[in-house]
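Reviewing the structure listed below.
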Amino acid sequence: MSANEKKLAGEAAIRYVEDGAIVGVGTGSTVAFFIDALADLKDRIQGAVSSSEQSTAHLKRLGIPVLDLNATGRLTLYVDGADECDPHKRLIKGGGAALTREKIIAEASDKFVCIIDSSKQVPLLGKFPLPIEVIPMARSLIGREIVKRGGNPVWRDGVVTDNGNWVIDVHGWQITDPVALENDLNQLPGIVTVGLFARRPANVVLVGDKEI
Ligand SMILES: O=C(CO)[C@H](O)[C@H](O)COP(=O)(O)O
């Protein structure tokens, strides 16, 4: 992991921000560099839609208006980090437990610019444990479904998401068909969000300041 590459990536994403835009903003240490850089443009944008209480606090602290996605309609740009990224720009996200709002904003955006350091690039997704946000009463049910599928579910004990839910991290999956796994898990009652971004991958990936 390289903090310098994260900073370069966060700052490089600024070139995708157009005058007058409402910018979708993800969560995490890489995005924090993007928010810092976005503050310099705050008089040229309408504001941001935030994916977490953490990013909302950061945006507001720097004087960037935080807008409600219900009022903005579709966004032209979403900028967020990732925990893993494969060669098809499919991602694992949710290390910061913000996956649900992140996935909503990604879906509502025309362009998803993903900002990472080179340690996040992998040939196959799954070395990073796959985060799944679950309704608390379904934790054991979902755990058993994961075991049936060959995964090792670990409850992220003590973590409550911004939506009041819990997170299970799935270890031991080598994800050869991310779209199929995402679709399969999306069918299970009690799962709120799977941290696989395969149906809706990133459009652009910046590794440091280099677009791949
Ligand atoms: O998905 C996320 C939060 O839910 C983050 O984008 C992901 O965890 C990467 O974080 P960082 O930029 O701190 O490495």
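What follows is calculated from the coordinates using simple rules that are stated; it is not laboratory data. The shown structure was predicted, so the numbers you read here are calculated from the model rather than taken from an experiment. Virtual Cβ from ideal backbone geometry, glycine too; neighbours counted across all protein chains shown.
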Ascending count of other beta-carbon atoms within 10 Å, so fewest first, for 111, 93, 103: 111, 103, 93
FRET efficiency for residue 119 and residue 160 from the Cβ-Cβ distance with R0 = 35 Å, rounded to 0.05, comes out at 0.80
Can you tell me the order of 2-8, 68-74, 164-170 when each peptide is scored by its average per-residue count of other Cβ atoms within 10 angstrom, highest first? 164-170, 2-8, 68-74
Measuring from label point to label point, each 7 Å out along Cα→Cβ, what is the residue 144 to residue 107 span in nm? 2.8 nm
Residues with amide H under 5 Å of residue 45's amide H, sequence separation 5 or more or different chain, H placed in the peptide plane at 1.01 Å from N; which? 20
Work out from phi, with θ = phi - 60° and the Karplus expression 6.51 cos²θ - 1.76 cosθ + 1.60, the ³J(HN,Hα) of each residue of the stretch 199-212, listed in order in whole Hz, and give x for Gly and Pro. 4, 10, x, 5, 8, 10, 10, 9, 9, x, 9, 9, 7, 10
If 85, 114 are placed from fewest to most neighbouring beta carbons inside 10 Å, the sequence is 85, 114
For residue 192, enumerate residues with amide H under 5 Å from its amide H, sequence gap 5+ or separate chain, H modeled in the peptide plane. 133, 134, 135
Where in the stretch 92-130 does the label zone of residue 171 land, with the point 7 angstrom along Cα→C-beta and an amide N cut-off under 17 Å? 95, 126-130
Amide H contacts under 5 Å for residue 77, placed H, 5+ residues apart: 24, 110, 111
Give me 191, 146 sorted ascending by neighbouring Cβ count inside 10 Å, so fewest comes first. 191, 146
So how much slack lies between residue 46 and residue 18, counting 0.36 nm per residue of separation and subtracting their Cα-Cα distance, in nm? 9.1 nm
Which whole-percent values make up P(r) of the stretch 130-195 when all C-alpha to C-alpha distances are grouped in 5 Å steps starting at zero? 4, 19, 34, 27, 13, 4, 0
Under the Karplus curve 6.51 cos²θ - 1.76 cosθ + 1.60, θ = phi - 60°, whole-Hz ³J(HN,Hα) for the stretch 2-18, x wherever Gly or Pro sits: 10, 5, 5, 5, 4, 5, 4, 5, x, 6, 5, 5, 4, 5, 8, 7, 9
Per residue of the stretch 35-47, in order, report the coupling 6.51 cos²θ - 1.76 cosθ + 1.60 (Karplus, θ = phi - 60°) as ³J(HN,Hα) in whole Hz, putting x for Gly and Pro. 4, 4, 6, 5, 4, 5, 9, 4, 7, 9, 10, 6, x
Cross-chain or 8 or more residues apart, Cα under 12 Å: how many lysine pairs in the chain fit that? Count them up, please. 6
Taking a ≥ b ≥ c as the square roots of the eigenvalues of the Cα gyration tensor of the stretch 70-161, is the shape rounded (a/c under 1.5), prolate (a/b larger than b/c) or oblate? oblate
Under the rule of -39500 (n - 2.57) per DSSP H run of 4 or more residues, summed and divided by the residues of the chain, what mean residue ellipticity at 222 nm is obtained, to the nearest 500 deg cm²/dmol? -8000 deg cm²/dmol
